[in-house]
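**Student:** Here it is, the structure in full.
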Amino acid sequence: MRVPTLVLPMSTSRHFQRRTLLTAAAALSALVLPAIAQTKTVLRISTPAVPDAWHAKMWTVFKDALEKSAPGEFDVQINLNASLFKQGAEPAAMARGNLELTSVSAADIAKLVPDFSVFTAGYMLRDPAHQQKVFTGTIGAELFKTVSDKMGITVLSTCYLGTRQLNLREARKVQTPADLKGVKLRMPGSKDWLFLGNALGATATPLAFGEVYLGLKTGTIDGQDNPLPSVRAAKFYEVTQQIVLTGHLVDSLFIAISNKSFDALSAAQKQKVRAAAQAAASYNNDNTVREEAQLVEFFKKQGLQVSTPDVAAFRKSVQATYQASDYAKTWPAGLVDRINATR
C-alpha cells in the first residue's frame with residue numbers, strides 16, 4: 001500500500017521555511033549575545049561617598065565619558081555609601097582582584113607608603129591649583145610610581161576634597177598661631193589630627209563629629225575645623241560666630257585603578273580610562289571650588305564674621321612644627337622644599 005505524499009501549498013511551505021530560519025537565528029543569538037556581553041570589561045567602583053557629594057556624582061561623569069569614548073566596551077558599576085566595601089578596605093580588595101576602581105585618600109595611601117604622609121600635614125598644599133600642579137608634575141609622578149609598586153594600584157587623577165578652615169564659637173582676632181593659644185579646638189580623635197590642631201597653636205580636643213554641635217553650643221569646645229560644606233551641612237554656623245580662613249589643609253582624593261585591571265587593558269583603552277578619570281576629577285574640582293566660594297557669602301548672611309589671618313605666618317609655624325617632629329623622618333629629603341617651590 002503506497003503512502004500518499006503530502007504536498008504543502010506554496011505559501012505554507014514558504015511560511016515553514018521562514019519559521020525554521022527564525023528559530024535557527026534565535027538559537028544562534030542565544031549563543032552569541034551572551035558571549036558579546038561577556039566581552040565587556042567590568043569596572044566595579046566602591047566609594048563611601050554619599051549620593052549628594054560631588055565626589056560621588058563624579059563617578060557618573062566617569063561612566064558617561066567612558067561610554068562615549070568606548071561604547072559597549074565597559075560595564076561600569078558604581079557602588080556608593082560604602083555598600084560594596086567599607087572605607088579603607090578598598091586597596092586590599094583591589095589587591096585581591098575583587099575591586100577595580102576607588103577613590104583613595106592621602107591618609108589611606110600613607111599607611112602603606114610613608115612618603116605620602118607629607119600630604120596629611122598642615123600647609124603642604126596652598127590651594128586647589130597648587131594641589132593639581134604638584135600631583136600632575138614630577139613630584140606626583142615619582143610618588144605615584146611608589147604607590148603603584150607598593151600598593152598595586154595606578155593613580156589616574158587627583159580630586160579636590162575641600163580646604164579645612166577654622167570655625168570659632170566666639171569671634172576673636174586671629175592673625176597668627178599665637179592668637180589661638182588656649183582655644184579648645186575640636187579635632188578628630190587620631191594622633192595625626194590632634195598633632196595638626198596643636199601645631200595650629202590651639203589646644204587640640206578630641207570629640208566625635210556627632211557631638212560637635214552640642215559642644216559648641218555649651219562651650220565644651222571653643223571651635224572646630226572642617227571644609228565649609230561640612231560646616232553648613234552640620235549647621236555649625238548656628239552655634240558659632242566666626243569663620244577663620246586659615247586654609248590649613250587642602251584635602252585630596254585619588255581616583256585609582258588596580259594594576260591587574262589596568263594592565264589587562266589595551267593601550268587605547270588605558271588612554272580612554274585615564275581621560276574619563278580626569279573628566280570626573282575636573283567635574284568634582286570645579287564644583288567643589290565653586291561651592292566653597294558661594295559658602296563664604298552664605299555664612300556672612302547668617303551673621304558670621306569671616307576673616308583671613310596671616311596665612312604665611314601660619315604656614316611657616318606649622319611646617320616648622322612638622323619638620324621638627326617624627327613625621328618628617330619618613331619624608332624624602334628635600335620633598336617639602338620641592339612642594340613649596342612648585343608654582
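The values are calculated or read from the model by the stated rules, or taken from the named source; none is laboratory data. Not measured: the values here are computed from a predicted model. Please note: Cβ atoms are built from the backbone with ideal geometry, for glycine as well, and neighbour counts cover all protein chains shown.
**Student:** Of the residues F298, F314, which single one is touching a Leu at 6+ places or on another chain (Cβ under 8 Å) and more than 30 Å from I257 (Cα to Cα)?
**Tutor:** Numbers: F298 fails: touching a Leu at 6+ places or on another chain (Cβ under 8 Å).
Answer to the check: F314.
**Student:** Output the residues belonging to the range 68-92 that are of a type outside the set (S, T, N, Q) and in contact with a strand residue (DSSP E or B) (Cβ under 7 Å, 6 or more places away or on another chain). Please lay out each step first, then the result.
**Tutor:** Of the range 68-92, the ones of a type outside the set (S, T, N, Q) are 68, 70-76, 78, 80, 82, 84-86, 88-92.
E73, F74, D75, V76, I78, L84, F85, E90, P91 - these are the residues of the range 68-92 that are of a type outside the set (S, T, N, Q) and in contact with a strand residue (DSSP E or B) (Cβ under 7 Å, 6 or more places away or on another chain).
**Student:** Now a separate question. Can you tell me which residue within the range 237-247, out of those that are of a type outside the set (A, V, I, L, M) and surrounded by fewer than 24 Cβ atoms within 10 Å (Cβ to Cβ), is farthest from L43 (Cα to Cα)?
**Tutor:** Taking the candidates together, the pick is Q241.
**Student:** Hey, does the range 170-188 have a residue that's among the charged types (D, E, K, R), under 22 Å from S325 (Cα atoms), touching a Ser or Thr at 6+ places or on another chain (Cβ under 7 Å) and in a helix (DSSP H, G or I)?
**Tutor:** no
**Student:** OK, next. Take the range 258-292 and flag every residue that is within 13 Å of the chain's Cα centre (by Cα) and more than 12 Å from H55 (Cα to Cα). Quick ask: steps written out before the conclusion?
**Tutor:** We begin by selecting, within the range 258-292, every residue within 13 Å of the chain's Cα centre (by Cα); these are 277-278, 280-285, 288.
The one that is within 13 Å of the chain's Cα centre (by Cα) and more than 12 Å from H55 (Cα to Cα): Q278.
**Student:** Can you give me the number of residues within the range 184-210 that are of a type in the set (D, E, K, R) and modelled with pLDDT under 95?
**Tutor:** Initially, the range 184-210 is screened for residues of a type in the set (D, E, K, R), giving 184, 186, 191-192.
Remaining after also requiring modelled with pLDDT under 95: 191-192.
So the count comes out to 2.
**Student:** Hey, another quick one. Of the numbered conditions (1) at pLDDT 95 or above; (2) at negative phi; (3) more than 17 Å from the chain's Cα centre (by Cα); (4) of a type outside the set (S, T, N, Q), F254 satisfies every one except a single condition; which is it?
**Tutor:** (3)
**Student:** Then there's this: For the range 232-248, give me the residue count where each residue is over 14 Å from R169 (Cα atoms), in contact with a helix residue (DSSP H, G or I) (Cβ under 7 Å, 6 or more places away or on another chain) and modelled with pLDDT of 95 or more. Let's see the steps before the verdict.
**Tutor:** So in the range 232-248, the residues over 14 Å from R169 (Cα atoms) come out as 232-234, 245-248.
Applying the additional criterion that residues be in contact with a helix residue (DSSP H, G or I) (Cβ under 7 Å, 6 or more places away or on another chain) yields 232, 234, 246-248.
Going one step further and asking which of them are modelled with pLDDT of 95 or more, we end up with 246-248.
Result for the range 232-248: 3.
**Student:** Another question about this same structure. Taking A281 and the conditions (1) in contact with a helix residue (DSSP H, G or I) (Cβ under 8 Å, 6 or more places away or on another chain); (2) farther than 20 Å from R126 by Cα; (3) of a type in the set (G, A, S), which numbered condition does it fall short on, given that it satisfies the others?
**Tutor:** A281 satisfies every listed condition except (2).
**Student:** Which residue, of G137, G97, is surrounded by fewer than 21 Cβ atoms within 10 Å (Cβ to Cβ), over 20 Å from A333 (Cα atoms) and over 16 Å from the mean Cα position of the chain (by Cα)? It would help to see each step written out before you state the result.
**Tutor:** On the way: G137 fails: over 20 Å from A333 (Cα atoms).
Result: G97 is the single residue among G137, G97 that is surrounded by fewer than 21 Cβ atoms within 10 Å (Cβ to Cβ), over 20 Å from A333 (Cα atoms) and over 16 Å from the mean Cα position of the chain (by Cα).
**Student:** Continuing with this model, one more query. Filter the range 104-121 for residues that are surrounded by 24 or more Cβ atoms within 10 Å (Cβ to Cβ) and either more than 16 Å from the chain's Cα centre (by Cα) or more than 24 Å from Y327 (Cβ to Cβ) (or both) and give the result.
**Tutor:** A121
**Student:** Also, quick follow-up: Can you tell me which residue is nearest to the chain's Cα centre (by Cα) among those in the range 176-230 that are surrounded by 19 or more Cβ atoms within 10 Å (Cβ to Cβ) and of a type in the set (D, E)?
**Tutor:** It comes out as D225.
**Student:** Which residue pairs have Cβ atoms closer than 6 Å, lie 6 or more positions apart in sequence or on different chains, and pair a first residue in the range 259-277 that is surrounded by 19 or more Cβ atoms within 10 Å (Cβ to Cβ) with a second residue that is aromatic (F, W, Y) and in a helix (DSSP H, G or I)?
**Tutor:** A276/F62
**Student:** Next up: Where in the range 263-343 are there helices (runs of 4 or more DSSP H), lying wholly inside it, with at least 1 residues that are at pLDDT 95 or above, within 30 Å of F74 (Cα to Cα) and aromatic (F, W, Y)?
**Tutor:** Working: elements: 267-301, 311-323, 335-341.
Passing ranges, in order: 267-301.
**Student:** Let me ask something else about it. Would you pick out the residues in the range 127-143 that are assigned to a helix (DSSP H, G or I) and touching a residue at least 40 places away in the same chain (Cβ under 8 Å)? Spell out the reasoning first.
**Tutor:** Initially, the range 127-143 is screened for residues assigned to a helix (DSSP H, G or I), giving 128-136, 138-143.
Scanning the range 127-143 gives P128, H130, Q131, Q132, K133, V134, F135, I139.
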